1. Restricting attention to the stretch 44-64, does a residue exist that is assigned to a loop (DSSP other than H, G, I, E, B), touching a Cys at 6+ places or on another chain (Cβ under 8 Å) and open to solvent by less than 50 Å² (accessible area, probe 1.4 Å)?
2. Restricting attention to the stretch 79-100, report how many residues are among the charged types (D, E, K, R) and either at pLDDT below 80 or in a loop (DSSP other than H, G, I, E, B) (or both).
3. Considering only residues that are over 14 Å from VAL282 (Cα atoms) and free of Cβ contacts under 8 Å to residues at least 24 places away in the same chain, which ones fall in the stretch 165-184?
4. Find all pairs meeting these conditions: Cβ atoms under 7 angstrom apart; at least six residues apart or on different chains; first residue within the stretch 66-78 and more than 15 Å from ASN153 (Cα to Cα); second residue charged (D, E, K, R) and not in a strand (DSSP E or B).
5. If you check SER12 against the conditions, is it surrounded by fewer than 16 Cβ atoms within 10 Å (Cβ to Cβ), at pLDDT 90 or above and within 30 Å of LEU165 (Cα to Cα)?
6. What pairs can you find where one residue is in the stretch 223-244 and aliphatic (A, V, I, L, M), the other is outside any helix (DSSP H, G or I) and open to solvent by less than 70 Å² (accessible area, probe 1.4 Å), and their Cβ atoms are less than 9 Å apart, with a gap of 6+ or different chains?
7. Under the condition of being over 14 Å from the mean Cα position of the chain (by Cα), more than 18 Å from LEU60 (Cβ to Cβ) and hydrophobic (A, V, I, L, M, F, W, C), which residue from the stretch 145-176 is surrounded by the most Cβ atoms within 10 Å (Cβ to Cβ)?
8. Between a residue in the stretch 16-41 that is without any contact (Cβ under 8 Å) to a residue 40 or more places away in the chain and any residue that is of a type in the set (Ser, Thr, Tyr) and open to solvent by 70 Å² or more (accessible area, probe 1.4 Å), which pairs come within a Cβ distance under 6 Å, given they are 6 or more apart or on different chains?
Amino acid sequence: LRDILEKNMIKSMTGYGKAECQIEKSKYCVEIRSVNGKGADVSLKTSLIPREKEVEIRKLIAQKLTRGNIDLFINKESISIDGDKQINKDVLKGYLAQIQELRSECSEFSKIDDTSLMSTLLRMPDVIESKKDELSEDEWNTLLKAINDAIDNINSFRCKEGESLYADLTEKVSNIEKYLQEVAQYEEERISQIRDRINNKLSEIKADSDGNRLEQEIIYYIEKLDINEEKVRLKQHCNYFRETLENEENPGKKLGFIAQEMGREINTMGSKANHHEIQKLVVKMKDELEKIKEQSLNIL
């Protein structure tokens, strides 16, 4: 199983990847999350990527992750006391000058001690400001490496999920094949029931009938309800589903189409069944197929 997965890169579209890097006195945490989607819908939920680099990052993610609704998050956290904060001296001097002026004009302000005054000033708007988030080329390369590491990690996560999907889907296809085999035991009984029902109806109305003609009508009726072609096609679709899952790269969309064809054969079989036990088996096959369709939507 592992060799098949590694060879054909069967992956889930659902995944999570994380990586970190340090740039000067700040730690950058990169997270990528994805769920299933029809195409590659990439959202950059961060302001830390330079605008001129956004197109590059979108292309990188779309190329490496192929498909899904994908969100990229980058958080910046200070790892030192001063971090990336600094005092705007001009703003602070402006506030201090106004306070000194008020002290000379109002005796109440002269009662405020210097410690309290400084604490208040440091909380005033725009006194403490963050350093610019602009990254140098070397710093950007460091962050880019972390982004690539996060992409690699989400790909690893997708592979692990793909392994579970592979096991689950092959089990459900095998269940459909098992139910399909069980149908055969009721087909002879079904023909006998059809024959008995027609004869009973004739007996009820006490009608005389030509034996040869009656046999021809019964054969014609049974042929209309024959499900051999549906059984053969359903078996072929199951084989094709399994082959596609094992041999093709990124088979998600194709598996969805094959599942639709499987559904047509199962539905036709149900409409022709004319036997309660076969109908039960058809319902079981439909239940397995619905789970297959749901899981296939999450395969890359």
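The values are calculated or read from the model by the stated rules, or taken from the named source; none is laboratory data. All values derive from a computational prediction rather than experimental measurement. Please note: Cβ atoms are built from the backbone with ideal geometry, for glycine as well, and neighbour counts cover all protein chains shown. Areas reflect the complete protein model, heavy atoms only, side chains present, ligands, DNA and RNA absent. Shrake-Rupley method; radii C 1.70, N 1.55, O 1.52, S 1.80 Å.
1. Within the stretch 44-64, none of the residues are assigned to a loop (DSSP other than H, G, I, E, B), touching a Cys at 6+ places or on another chain (Cβ under 8 Å) and open to solvent by less than 50 Å² (accessible area, probe 1.4 Å).
2. 3
3. GLU171, SER174
4. Close Cβ pairs (under 7 Å, with a partner that is charged (D, E, K, R) and not in a strand (DSSP E or B)) amount to SER78/LYS25; SER78/ASP84.
5. Spelling it out, it is not the case that SER12 is surrounded by fewer than 16 Cβ atoms within 10 Å (Cβ to Cβ), at pLDDT 90 or above and within 30 Å of LEU165 (Cα to Cα).
6. LEU225/ALA273; LEU225/ASN274; ILE227/ALA273
7. So, considering only residues that are over 14 Å from the mean Cα position of the chain (by Cα), more than 18 Å from LEU60 (Cβ to Cβ) and hydrophobic (A, V, I, L, M, F, W, C), the one surrounded by the most Cβ atoms within 10 Å (Cβ to Cβ) is ILE176.
8. none
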